Amino acid sequence: MSVARSMSPWRRLWGSAVLAAALILLLPEKVRADPGVPVPPNELLSDRGKGAIADADRDFVIKVRLAGLWEIPAGEMAQDKSGDERIKTIGRNIADQHVVLDQLTRDAAKKLGIELPDKPNSDQQGWLSEMREAEGSQFDTIYIDRLRAAHGKIFPAIATIRASTRNDTVRKLAQRANQFVMTHLTLLESSGIVDFGSLPTAPPPSAAQPSAGAPVLAAGEQRQSSGTNLPLVLIALAGGLAAGAFATRQLVGSRQPYRSRRGRYYSG
């Protein structure tokens, strides 16, 4: 009995170690984290529906909703039609995560009074039709290519909304959506069959754009900084003339005693 009692803590420790190892092997995208890489503290962002809502904000919320309307059924098809276990896992993870993101989107839309669609748009319906007609490796290629292209397109749009929106609810949704999209990009690319050569390239930097870190002035500020302020120039000139006259007077007044002293010291 005493031996069994002394061994039980070791057995529990061993069981915990085995469970942790299994989680790391089976769910690497959920367990592993890059040490030192920060995770945005989303809880610091307010979500009260405060701030003006631009047309771009409304369009963004609608597009996030549309993404879930076709990527959820696409992920379900991946689990049924793919013969690759990795593709099945990717499809399940993306579909499950879009269920969560879709709820966040509907909550935000309700708070902001934005009407959401209830079915995918024509392009998205076409992609789903392609997947329904495909089998095996052909399905895998279509699924990965279509989702990777869609995520690459919405990724910069989310960043623009996150950086520019005046509404705190849209801002928080954009930050969360950005984290979902980065996760999905990583999952899709882990399939090993993404055709990176077919993806659009970034536009070349424009010489007309300000360099990174340079302050961008408004039009009024540019005109003010580039123009000459005549009153200030006249005041500066008057001040300079007055200072010059005063200095000249002091210099002339101080030379006479000096000359008389010099004559006294050097006179025979």
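Here, each number is a calculation from the coordinates, and none is a lab measurement. These figures come from a predicted structure and were not determined experimentally. All Cβ positions, glycine included, derive from the backbone under ideal geometry; neighbour counts span all protein chains shown.
All C-alpha to C-alpha distances of the range 53-198, sorted into 10 Å bins beginning at zero, yield P(r) values of 12, 43, 32, 12, 1 percent in whole numbers. Let a ≥ b ≥ c be the square roots of the eigenvalues of the Cα gyration tensor of the range 164-207; is it rounded (a/c under 1.5), or, if not, prolate (a/b larger than b/c) or oblate? Oblate shape, in that a/c is at least 1.5 and b/c is the bigger or equal ratio.
Placing a label point 7 Å from the Cα of Asp59 along the Cα-to-Cβ direction, the residues of the range 171-204 whose backbone N falls under 17 Å from that point are 171, 174.
Straight Cα distances below 25 angstrom link Lys172 to the lysines Lys30, Lys50, Lys63, Lys110, Lys111, Lys119, Lys153, with same-chain residues fewer than 8 positions distant left out. Taking each residue as 0.36 nm, the span from Ala163 to Gln138 lengthens on full extension beyond its C-alpha to C-alpha distance by 5.1 nm. Modelled this way, with points 7 Å down the Cα-to-C-beta line, the labels at Ala202 and Glu130 are 2.6 nm from one another.
Other residues whose C-beta falls under 11 angstrom from the C-beta of Ser164 contribute a net charge of +2, scoring Lys and Arg +1 and Asp and Glu -1.
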